[in-house]
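Worksheet: one structure, shown below.
No lab work stands behind these numbers, since they all come straight from the coordinates. Predicted model, so just to flag it, every value in this text is computed and none were measured. Here Cβ is always computed from backbone atoms with ideal geometry, including for glycine, and neighbour counts include all displayed protein chains.
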Amino acid sequence: MTANLLDFDLEGLATFCAELGEKKFRATQLFRWIHQKGASDFGQMTDLAKSLREKLEGNACIQGLPVLSQHESSDGTIKWLFDVGDGNAVESVFIPEDDRGTLCVSSQAGCAVGCRFCSTGHQGFSRNLSSGEIVAQLWFAEHFLRKHLNTGGERVISNVVMMGMGEPLQNYQALIPALRIMLDDHGYGLSRRRVTVSTSGVVPMIDRLGEDAPVALAVSLHAPNDELRDKLVPLNRKYPVGDLLDACNRYLEHAPRDFITFEYCMLDGVNDLPEHARDLAHLVQHHAGRGVSCKLNLIPFNPFPASGLVRSPQHRVQAFAKILSDAGIVTTVRKTRGDDIDAACGQLAGDVKDRTRVDRRIAQQRMIVLKPVPAESTKEG
């Protein structure tokens, strides 16, 4: 079987080259051609011996993902839909800013976690992506953008966030080699501080990530207690808030940053009231008698019909943020980017051949009614 070299981190590529009877240093040359230069044709790799190129032609390929569509937002955000076969497609998003270029990468075709506020989860789940399929999103985007933006070969993507479709820590075996390729100086040379894995709270894998590839960690919290989080994030029933925060503190012993980012999607009348903010502040400051060193990122909900949920009004988001800030917690409100092309947070849905009977699961979730608080009870002050 022909090996796709995008699947290999540098160590794996060295092993592959050794199996071809080549010295390991050839793997470094090959790795640079693939990831630093974006080469997909072995004939381009002029510093490799002709005999090696012939071996590669017969045993390997550099196979990216077919691009089904590309949409560019008025704010410069670009969204790609990639074909991953068997009726499945995943989305990636590039977000340009003055001081960075961030790529949001998918790890699964769909998602099995089924968070109430996420359109990806409402698509259901088909399969995990391979390491090569994860890396292919970065490989394509980086080298496309260099040409598109005419950078003269200068790197465009400085940050990668594993916040696209899927729960990265439920695809751990493929995630780790992909992260190592992103971090490798012979690959994309990204800083551990600039690669972020976002998780809904797979506690055992948080511990393993701290040992295997400690990058920045973002945790989808979305509620200050188990009762509410059970309704919003079904995984909480298996890994409740207390266990999750314990895992966050263990992760901080290895993390490249001295804080965890907690993501909090603002849902009108559901989790956005002053008492929720006060409970959240108490939780992160006093958990287990020590609290968790963290930053809170408040995310405006991006509505979609199947959710039955509504975005919090701006004045309530600001009031919520003020309570947290006044308590001494670093708090930001995420700026919505790419919502005119459905590329904002929680909107990535791709095209998934569901294998998990998502309609039945959502119907069961809808039996758990999230009742917004009556309007007269939501007045601040």
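Our coupling estimate for segment 104-110, obtained by passing each phi through the Karplus curve with A = 6.51, B = -1.76, C = 1.60 and θ = phi - 60°, is 9, 10, 8, 10, 9, 8, x Hz, Gly and Pro reported as x.
Normalised by the number of residues in segment 3-61, the mean separation of alpha-carbon contacts (under 8 Å, six or more apart) gives a relative contact order of 36 percent. Here the relative contact order of segment 1-136, from alpha carbon pairs under 8 Å that lie six or more residues apart, stands at 21 percent.
For segment 154-179, the residues whose backbone nitrogen is under 13 Å from a point 7 Å from the Cα of Lys238, taken along Cα to Cβ, are 167-172. Coupling constants for segment 155-165 follow from the phi torsions by the Karplus curve (6.51 cos²θ - 1.76 cosθ + 1.60, θ = phi - 60°), and in residue order they are 5, 9, 8, 9, 9, 10, 10, 7, 10, x, 5 Hz; glycine and proline get x. Near the amide H of Met163, within less than 5 Å, lie the amide hydrogens of Val105, all on another chain or at least 5 residues away, with H placed in the peptide plane.
Relative to the dominant Cα principal axis of the chain, helix 274-286 is inclined by about 60°.
Computed extension gain for Val330 through Glu211, at 0.36 nm per residue and net of the alpha carbon distance, reaches 40.2 nm. Listing Thr28, Thr46, Thr120 from fewest to most neighbouring C-beta atoms within 10 Å gives Thr46, Thr28, Thr120. Beta-bridge orientation, segment 82-226: approximately 50 percent antiparallel, per DSSP, counting only bridges with both partners inside. In a reduced charge model with +1 at each Lys and Arg Cβ and -1 at each Asp and Glu Cβ, segment 67-375 shows a dipole moment near 460 debye about its Cα centre. Across segment 67-375, the relative contact order, built from alpha-carbon pairs under 8 Å that are at least six residues apart, equals 22 percent. Counting neighbouring Cβ atoms within 10 Å and putting the fewest first, the residues Met45, Met165, Met1 line up as Met1, Met45, Met165. Listed values for segment 290-305 are Karplus-derived 3J(HN,Hα) couplings in whole Hz (6.51 cos²θ - 1.76 cosθ + 1.60, θ = phi - 60°), namely 9, x, 10, 5, 8, 10, 9, 10, 7, 10, x, 5, 9, x, 9, x, and x replaces Gly and Pro.
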